[in-house]
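Beneath this line is the structure, given in structure tokens, with notes to follow.
Derivation of every value follows stated rules applied to the coordinates shown; laboratory data play no part. As the structure is a prediction and not an experimental result, all values here were calculated from the model. Glycine also receives a Cβ, built like all others from the backbone with ideal geometry; neighbour counts cover every protein chain displayed.
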Amino acid sequence: MSAPHDHASASTLSVEALTRLLETIFLRHGTSAEVARSLATNCASAERDGAHSHGVFRIPGYVSTLNSGWVNGKSVPKVEDVASGFVRVDADNGYAQPALAAARPLLVEKARSAGIAVLAIRNSHHFAALWPDVEPFAEEGLVALSVVNSMTCVVPHGADRPLFGTNPIAFAAPRADGAPIVFDLATSAIAHGDVQIAARKGEKLPEGTGVDSLGQPTCDPKAILEGGALLPFGGHKGSALSMMVELLAAALTGGNFSFEFDWKNHPGAKSPWTGQLLIVIDPSKSAGQSFAERSQELVRQMHGVGLKRLPGDRRHLQRAKSLANGIVLDEQTLAQLRELAGE
Ligand code: NDP
Ligand code: PYC
């Protein structure tokens, strides 16, 4: 699939039309209706918000993964109520989003009654942006944090060879006068998806992003993809956060570490078979002024010292544009999607 907006001629689709097209692709490649709806909604939301590394760019990867038999497209997640603040889900070797959807009502009920609840998803695949998993909690007044580990491609700080995944962390909190505060970041210097996009476009990466197959620093995305590896962001600090993600998303859930699965017998497999953790907090249990008022005050003060862009602002601007004018896809990408949909 071509990189976003690198073709002169383009088409515009509504978010709903793109979601329907993606749903058809998933159904045609062997998912259940529920899984198709969940993945299509997720992927179209990423495209809508300009999160291109996890939008329609990922569709061929989903398709080849489904075709390879690596993932269960008809997964039926098993939700287990294990403690007053702890929910577990076995994702049945399926995607993490349907597992989260299945466990969500119980998780929210527990977070509201206990003040905090944990959702531990295992035996799951996550091939998407993480913010769609946390943002909806903040839209209903809850604070949410999620981590997911991916596949070995990041060299821990001070080590010689890759071990960690790109391991993102996403956080969402409500605020009084605006969209929730949301950030979502890979703990690698750059997401693997953005390395692939840069390689296709023939662009160089910033210094400090990765190493080549000999362990030498490189700004060439192809050298990173072909035997090289990524580095954590921020040296030892990003490396520590990436280690934490491995512990929370894999050790605490019962899922695989990023280095523990072997997909070589499944050519075309792309989605990491790991785990995901969510922590949801009900801030109405806190002392003092309402949490949403306090977070609004923090934002006010940040703007007061000159901050122009909060994390999430770019996505919301792009979302507003997409909802008003539709999602722009280049002709080649749209033709590929239609072909995958059998149209
Ligand atoms: P970015 O570095 O692009 O952005 C990280 C966060 O910082 C975002 O919340 C972004 O907000 C914000 N931000 C970026 N630039 C600025 C700025 N100048 N000022 C203020 N805020 C800013 O994301 P990554 O490349 O680290 O990750 C991309 C995506 O890849 C994520 O969605 C992540 O979940 C996904 N990913 C998924 C993995 C998986 O296993 N499923 C693995 C690794 C990554 P905004 O969005 O508004 O720009
Ligand atoms: O972009 O690093 C990434 C990634 C890994 C798994 C899904 N996305």
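Taking 0.36 nm per residue of separation and subtracting the Cα-Cα distance, full extension of the segment from Ala335 to Arg200 would add 46.8 nm. For segment 166-206 versus segment 216-280, the spacing of their alpha-carbon centroids is 14 Å.
Using Cα pairs under 8 angstrom and six or more residues apart, how large is the relative contact order of the chain, in percent? Result for the chain is 24 percent. Projected label points at Asn67 and Lys285, each 7 Å from Cα along the beta carbon direction, are separated by 4.8 nanometres.
Relative to the Cα centre, the charge distribution of the chain, modelled as +1 at Lys and Arg Cβ and -1 at Asp and Glu Cβ, gives a dipole magnitude of about 240 debye.
Scoring 48-55, 92-99, 211-218 by mean Cβ neighbours within 10 Å over their residues and listing the highest first yields 92-99, 48-55, 211-218.
Taking a ≥ b ≥ c as the square roots of the eigenvalues of the Cα gyration tensor of the chain, is the shape rounded (a/c under 1.5), prolate (a/b larger than b/c) or oblate? Here the chain falls in the rounded category. The Ala159 and Ser113 beta-carbon pair, evaluated with R₀ = 45 Å, returns a calculated FRET efficiency of approximately 0.55.
Could you compute the FRET efficiency for Glu260 and Leu214, with r as their C-beta to C-beta distance and R0 at 30 Å, rounded to 0.05? Calculated value: 0.70. Highest average first, the peptides 147-155, 113-121 ordered by how many other beta carbon atoms sit within 10 Å of their residues are 147-155, 113-121.
Look at the dipole of segment 245-307 built from charges on Cβ: of His303, Thr274, Phe259, the Cα furthest out on the positive end belongs to His303.
Arranged from fewest to most other beta-carbon atoms within 10 Å of their beta carbon, Lys308, Lys74 become Lys308, Lys74. Lysine pair count for the chain (Cα-Cα distance under 30 Å; residues 8 or more apart in sequence or on different chains): 25. Measuring r between the beta carbons of Glu16 and Met244 and using R0 = 35 Å, the FRET efficiency lands at 0.35. Note on the chain: helix-only mean residue ellipticity at 222 nm, from DSSP H runs of 4+ residues weighted -39500 (n - 2.57) and normalised by residue number, equals -12000 deg cm²/dmol. Along the Cα-to-C-beta direction of Leu298, a point sits 7 Å from the Cα; which residues of segment 173-213 have their amide N less than 20 Å from that point? Of the residues in segment 173-213, 173-187 have backbone N under 20 Å from the label point off Leu298. For the pair Leu317 and Val305 in one chain, pulling the backbone fully straight at 0.36 nm per residue adds 2.1 nm over the alpha carbon distance.
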